[in-house]
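Since the structure comes first, as structure tokens, the remarks are kept for the end.
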Amino acid sequence: MEKSEKICQNKNARVKNSKNIFVLVAALLVAFIIRMLSYAPVTANGGITFMGYDDFYHMRLILYTASNFPHSLNFDSYINYPYGFEIGWPPLFDLLGALLAIILGGGQPDLHTIEFAGALLPVLLGVLTIIPLYIAASAILDRKTGLLAAFIFAVLPAHIYISRFGGVDHHVAEALLSTAAYASFILALKWASEGSFSLPSLKNISSEKKLLKSLAFAGASGLFLALLIFTWTGAPVFVSLIVLYAFIQTTIDLKAGKRSDYLFICSIACLFATLLFTIPLSAGYIRPGLEMSAMYLSWFQVFYVLIMIAGTVLLWGISIYISKKDLDWKYYPGALILVSGGGLLFLRIISAESYSFVIEGVRFFFGKGEYLGTISEAVPLFLTSGGKLTFTPALNTFGLCLLVALAALLLLGLEWKGDKSKPEGVFFLLWTIFSIYLALSQRRFSYLLAVNVAILTSYMLWVLLESLDFETEVRKLVKSGQKTEKSTAPALQTGKGTNSNTKSKIKTKNVSGIKNASGTKNSSKPDYFKLVSSLTLIGLVFVPCIWTGTAFAKSSGSLDPAWQESLNWLKNSSPETSYYLQPSETPEYGVLSWWDYGNWIVYISKRPAVSNNFQTGVEDSAHFFMTDSEQEARAVMDKLKVKYVITDTLMANGKFGAIASLAGKNIGDYYDIKAVNGTAGTQTVATAKKELLNTEISKLHDHDGANLGNLLLVHESNVPKAANRKNNIVKVFEYVPGARLSGTTSPNQPVIATVGLKSNTDRKFIYQNRAVADKNGSFEITVSYPTENTGSEVSAISAYSLNAGENITITGIQVKESDILNGNRIEVGRVEKRP
């Protein structure tokens with residue numbers, strides 16, 4: 001009898017596991033479909049247009065790695081031009097993209113295959129994240145919570161945004177690897193706490209399956225942490241969380257009078273595995289002069305993990321000492337503060353560089369980095385870039401799930417309080433609080449919080465659904481549907497049919513008489529109020545997420561059509577530069593624009609960029625666009641070997657404040673900003689001052705290079721109005737010596753050179769430059785546009801005229817293209833009033 005019951009139980013368990021696997025696969029499929037919705041907009045123009053800014057540089061790295069596999073690009077002469085730049089991004093994400101391209105391309109992938117692989121990679125990594133999420137949720141709570149969390153995560157906008165097709169960025173790998181590392185660590189804690197894990201038990205480890213599993217999962221956690229270090233330079237903070245947890249859990253155990261051997265063995269095993277895997281990964285990427293840099297893969301990561309191991313061993317030793325001496329548990333956190341302070345002091349003494357990297361890392365995670373204030377995604381979650389309170393980003397990335405998750409966090413904290421706490425639960429709470437802090441300080445880290453929000457929302461939703469007897473009511477609804485089908489089916493005119501109906505009635509009678517756990521009679525009819533209430537709760541969680549998530553997936557990304565058209569023009573119409581695929585040597589010239597657009601310039605135009613999204617060259621770029629001195633602007637271009645300058649409407653308006661800030665200027669110097677009360681409430685009105693008109697960005701973009709003698713407009717974006725959703729205009733200027741119009745007039749007399757022009761969009765405009773005659777009446781004006789028709793996109797529609805006062809004008813001055821390119825001097829004679 002017992003044997004048959006056991007067989008029956010095993011069979012039921014297998015059936016249940018099969019159902020769980022089926023539901024989990026369904027969640028994976030939903031996640032894949034939603035993230036692939038961006039396929040249409042990404043491939044709309046026949047090629048692949050990637051989503052963001054960093055995506056384009058990742059594609060450059062994937063392209064290089066696919067051609068030189070397994071070697072990755074460490075130094076790139078095409079950014080921070082003309083100096084080049086050491087690439088700080090660890091290479092795992094790009095190696096995976098290149099490997100996928102090689103597999104899809106049968107060993108010889110072409111450009112389209114490489115781009116497709118790069119676009120597909122975030123989808124695959126994003127979908128795979130559901131598996132460790134389910135494992136973590138099931139271990140902490142239960143399987144049904146894990147399954148519902150998988151579906152919530154599948155539609156959560158915060159994660160869809162970084163894992164959609166075409167979103168080629170390593171953030172999706174961070175989420176996958178950190179979740180896998182922490183899920184494995186949770187399993188290690190769970191198995192260790194269930195077994196009698198202590199130092200003496202290690203002697204008989206081979207016979208203790210639970211202990212073996214615990215150590216195996218701790219080792220797996222260390223492997224994933226090492227891979228995370230190989231993916232993101234900020235990964236050491238995830239290693240630190242293991243040590244911080246060990247301290248908190250030990251404090252809880254000491255207060256409860258428990259030993260913490262299980263905890264320290266798991267933690268040290270995890271950290272030791274991290275060290276073992278980090279050493280070879282870091283050793284292969286050591287660069288001369290950067291051997292201990294935290295910004296690159298180096299010995300710093302190895303040194304950091306060693307410090308974490310030493311700190312954990314020290315925590316263990318202190319806890320053992322306090323237990324043996326029967327001291328108050330409060331001595332433990334006090335000892336830690338002293339040890340931490342002493343450790344930082346020791347680090348500062350032996351390695352000032354490593355100490356500064358640690359401090360800068362802490363400042364970064366507190367949102368205090370040098371350029372973070374000018375990066376929109378680094379703004380706190382509930383603040384605008386202007387410092388005003390906003391809930392829009394949180395609602396867009398989490399829907400109502402963040403609010404539900406916070407309530408669940410409070411509820412779980414109360415449920416696991418005191419003696420009811422469990423090690424894996426404490427770790428999950430700490431992980432969640434850490435993720436919340438990251439998202440609150442910088443909204444771009446919302447994708448790391450998405451895992452915790454999905455699990456907590458699932459937990460809270462199940463609490464509410466169980467209070468409404470959702471599962472019971474669904475079963476009743478299904479049974480009532482089955483009865484309706486039977487009652488409408490033709491009755492079988494046999495004795496068997498009569499017996500069947502009789503049995504059915506007996507069964508119904510028995511079911512209706514069963515009482516539920518609360519002692520009340522169950523009705524065979526479903527409670528539609530409970531069902532509707534339950535479905536409403538489910539809808540409040542899923543509908544906003546699906547609505548926003550699909551909108552994210554269907555969006556066409558950051559690349560403006562005006563920029564795409566202009567950069568393709570630059571690629572096809574400017575002199576080709578060397579070393580693009582092997583960027584170890586300095587190319588012939590560079591392109592100057594704002595740093596936001598640098599990666600686009602490098603990947604689409606295949607031209608070197610002075611400033612890019614690593615914030616390289618940002619000081620020179622900011623100074624160039626904000627200066628009111630043409631001489632200073634030329635000095636910047638000469639120093640940086642600039643041939644082209646690109647501006648857009650956003651640089652002259654929306655991004656102007658960031659440019660001014662990084663140039664050390666105050667926005668109030670260029671705009672008169674006032675708060676005006678109106679019918680719509682208080683609004684901020686900015687009125688331009690004359691100082692704005694003197695900046696290089698205004699002279700170029702707003703006035704087509706007026707009052708500048710060395711920059712001529714060679715192209716402006718030409719896209720249909722319907723496609724130009726941001727109403728943006730991109731302008732490309734070429735740096736030229738300029739022709740010098742030389743002559744004489746009255747002493748100290750202002751002289752203005754004027755020419756009519758027409759751009760490639762048939763827009764007509766006037767170019768002017770001016771000079772003031774010296775005390776002898778001599779003047780020289782540098783002009784940047786030729787009057788001869790050379791087939792260029794911007795052409796003159798008149799000859800130059802010179803005006804030296806009222807009714808004093810010379811017309812018909814012709815300037816050749818060779819004069820502009822060679823800096824020739826053109827004598828125009830004396831400008832004076834004709835009789």
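The values are calculated or read from the model by the stated rules, or taken from the named source; none is laboratory data. Keep in mind that what you see is a predicted model, and the values were worked out from it rather than measured. We place every Cβ from the backbone using ideal geometry, glycine too, and count neighbours over all the protein chains shown. Heavy atoms of the whole protein, side chains included, go into the accessibility calculation; ligands, DNA and RNA do not. Shrake-Rupley method; radii C 1.70, N 1.55, O 1.52, S 1.80 Å.
(i) 35.2; (ii) 31.4; (iii) 27.7: which one is Kirkwood radius over Cα pairs in Å as calculated from this entry? Only one listed value fits the structure, namely (ii).
Simple point charges give the picture: +1 on the Cβ of Lys and Arg, -1 on the Cβ of Asp and Glu, and for the chain a dipole about the Cα centre of about 4640 debye.
Sort out for me the Cα centre separation of the range 145-198 from the range 406-478, rounded to whole Å. Going from one Cα centre to the other spans 14 Å. Each of F300, L225, I268 was scored by the projection of its Cα onto the charge dipole of the range 206-342, and the greatest displacement toward the positive side belongs to I268; charges sit on the C-beta of Lys, Arg, Asp and Glu. I'd like the FRET efficiency for S340 and Y285, computed as 1/(1 + (r/R0)^6) with the beta carbon distance as r and R0 of 41 Å, rounded to 0.05. After rounding, the FRET efficiency stands at 0.85. Projecting the Cα atoms of P132, A181, Q631 onto the dipole axis of the chain, where Lys and Arg carry +1 and Asp and Glu carry -1 at the beta carbon, places P132 farthest toward the positive end.
Our helix-only sum for the chain, with -39,500 (n - 2.57) per DSSP H run of n ≥ 4 divided by its residues, gives a mean residue ellipticity at 222 nm of -17500 deg cm²/dmol. Shown are T745, T809, T548, whose ranking by accessible area with a 1.4 Å probe and every protein chain present, most to least, is T809, T548, T745.
Scanning residues 5 or more positions from K258 or on other chains, none has an amide H under 5 Å from its amide H, with H placed 1.01 Å from N in the peptide plane. Counting only residues 5 or more places away or on other chains, whose amide H sits under 5 Å from the amide H of Y735 once H atoms are built in the peptide plane? Amide H neighbours of Y735, under 5 Å, 5+ apart: Y644, V645. Farthest towards the positive end of the charge dipole of the chain, among the residues G654, A117, G425, is the Cα of G425, using unit charges on the Cβ of Lys, Arg, Asp and Glu. For the pair K674 and Y437, a Förster radius of 41 Å applied to the C-beta separation gives a FRET efficiency near 0.65, rounded to the nearest 0.05.
When only Cα pairs under 8 Å and 6 or more residues apart are kept, what is the percent relative contact order across the chain?
Values: 1413 pairs, mean separation 96.1, N = 835.
Across the chain, relative contact order equals 12 percent.
Under 12 Å from a point 7 Å along the Cα-to-Cβ line of K324: which residues of the range 265-301 have their amide N that close? Within reach of a label on K324, which here means backbone N under 12 Å from a point 7 Å along Cα→Cβ, the range 265-301 contributes nothing. Remark: the chain carries 47 Å² of accessible area per residue (probe radius 1.4 Å; ligands, DNA and RNA excluded). One decimal place: the segment R830-R14 gains 283.7 nm when fully extended, by the rule 0.36 nm per residue minus the C-alpha distance.
For A26 and S356, the FRET efficiency from 1/(1 + (r/R0)^6), where r spans their Cβ atoms and R0 equals 41 Å, is about 0.25.
Spatially close Lys pairs in the range 208-358, defined by Cα atoms under 22 Å apart and a spacing of eight or more places or different chains, total 7. Among the chymotrypsin sites (Phe, Trp or Tyr not before Pro) in the range 32-141, those placed in a DSSP loop whose Cβ has at most 16 other Cβ atoms within 10 Å are Y83. Taking 15 Å as the straight-line reach from the Cα of K665, the aspartates and glutamates in range (excluding those fewer than 8 positions away in the same chain) are E619, D620, D628, E691, E696.
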